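The values are calculated or read from the model by the stated rules, or taken from the named source; none is laboratory data. Values in this document were obtained by computation on a predicted structure and should not be read as measured data. As a convention, Cβ positions derive from the backbone with ideal geometry for all residues, glycine included, and neighbour counts pool all protein chains shown.
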Amino acid sequence: MSCTSQVLVLNCGSSSLKFAVMDPHDGTVAMSGIGEALGHDEPQVSWKIKDERHSSTLPKGTRHTEVIRFLVDTILSQHPALRDHLIAIGHRVVHGGEKFSHSVLINDAVVSAIKECVALAPLHNPAHLAGIEAAKVAFPALPQVAVFDTAFHQSMPRHAYIYALPYSLYRDNGIRRYGMHGTSHRFVTERAAELLNLSVNEVNIISAHLGNGASITAVHNGRSVDTSMGLTPLEGLVMGTRSGDVDPGLLMHLGSRMDFGLKEINDLLNKKSGLLGISELSNDCRTLEKAATDGHDGAQLALDIFCYRLAKYIGAYHAVLPQVDALVFTGGIGENSSLIRHKVMTQLSGIGYAVDIERNERARFGEDGPISTDQSAVTLVIPTNEEWVIARDAAELVPPDTPNHDPSTRE
Ligand code: ADP
């Protein structure tokens, strides 16, 4: 296989590890895969290379380190052209706290800073640290870069990120809005600027990332100025299994009147609420759309609430921004559900939104473009590509003396 410079992108979750080898110039994926059920009884790894799919069962208890070993010893060893063209490793890191507003080359100080943020992302950051450690052992010559989900939101002004709580909780404990999905919001911001023929530092958008997790961001002059996720990913929009915004008094009510413990409250709000909780059927938007068509009342109510709450946030972010060049839908639901987009835009007709039915139906996964009528507020569908942002950032941060260093990847 002939190939140009490649970046290995690693996304280590608490019990999974997604990997991809990608060309940072154009986002072409040469190989991708996932290790799942890590730490459980039957861990599996599956991968795709040259359109061929493979999978393998891994020994019980396999964790991130062993998956990276498998990647090196079993997958990449059969594809030396790919391995030999790697110039860097890019790691998705969920939480960088206030320390990182950009992607960085990983060194000991960065590792320590990611450790300090473990309290803010107790499931994710330890997994990222394990992945970074294992990747350093497996690829000692390659530079490693951390790309943070929180980084894009570090531009928020204080009035957007400080909660109306005693200020000491922020000063002494770092309790504030951090926001997530920053890599996705950044990608669609850059792509929206291209589609709108604007430079990134003059584009103003409202970016709605709607997947299993969902968040919305107000972007002013290419920078995040407010976002719906908060200290944790629980705040904001209705999600697959997360409640999004609720009255904080609910927590006391559940604890004191209904004897819920902290773990039960956590499970209720994070795993049993949202689309799943309302519909009593599924967290999956496709399933709900079909059920609603078949007359399932819970499914219909879940979709109605999802759209209503999203429309309210969009309205609020019109108040945040001096001007909105485009509303952007992205993520699995945002890219694929013409129904959700239609409902939300109809709800927003009072502030100038109108869906072009044909464009909305035509917008398919992998394509981007407008779905609004020519006379109405511009609305775009943009498929997100967080892996490509990670690969690009990693390639840009490669020091010049690195083996295989390709200067054309630097801007
Ligand atoms: P994650 O946050 O896990 O990355 P995704 O971005 O993949 O999630 O989004 C998953 C959601 O996208 C699911 O609710 C799924 O039902 C929804 N989705 C995917 N395709 C469609 C479709 N064609 N119509 C409606 N919803 C869809």
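Annotations for the structure displayed:
- Considering ASP245, ASP284, ASP294, the condition of being acidic (Asp, Glu), under 27 Å from the mean Cα position of the chain (by Cα) and within 16 Å of the ligand (Cβ to nearest atom) is satisfied by ASP284 alone.
- If you check LEU17, LEU8, LEU38 for being surrounded by 20 or more Cβ atoms within 10 Å (Cβ to Cβ) and free of Cβ contacts under 8 Å to residues at least 40 places away in the same chain, only one passes: LEU38.
- Sole exception among (1) part of a strand (DSSP E or B); (2) touching a Gly at 6+ places or on another chain (Cβ under 9 Å) for ALA88, by number: (2)
- Verdict on ARG191 being in contact with a strand residue (DSSP E or B) (Cβ under 9 Å, 6 or more places away or on another chain), of a type in the set (Lys, Arg) and under 13 Å from ASN221 (Cα atoms): no
- Among helices (runs of 4 or more DSSP H) entirely within segment 250-352, having at least 2 residues that are buried (at least 20 other Cβ atoms within 10 Å of the Cβ) and not aliphatic (A, V, I, L, M) singles out 274-279, 297-320, 331-336.
- In segment 364-389, the residues that are under 21 Å from the mean Cα position of the chain (by Cα) and crowded, with 16+ Cβ neighbours inside 10 Å: ASP368, THR379, LEU380, VAL381, ILE382, PRO383, THR384, ASN385, GLU386, GLU387, TRP388, VAL389
- Within segment 97-114, the only residue that satisfies the criterion of being without any contact (Cβ under 8 Å) to a residue 60 or more places away in the chain, among the hydroxyl-bearing types (Ser, Thr, Tyr) and under 14 Å from PHE152 (Cβ atoms) is SER101.
- Some residue of segment 209-228 being in a loop (DSSP other than H, G, I, E, B) and aliphatic (A, V, I, L, M): no
- Residues being at pLDDT 95 or above, away from the ligand (no atom under 13 Å from the Cβ) and farther than 18 Å from VAL324 by Cβ - total across segment 359-397: 11
- The listed residues are ILE333, ILE305, ILE314, and the only one of them that is of a type in the set (A, V, I, L, M) and either within 10 Å of the ligand (Cβ to nearest atom) or more than 24 Å from the chain's Cα centre (by Cα) (or both) turns out to be ILE333.
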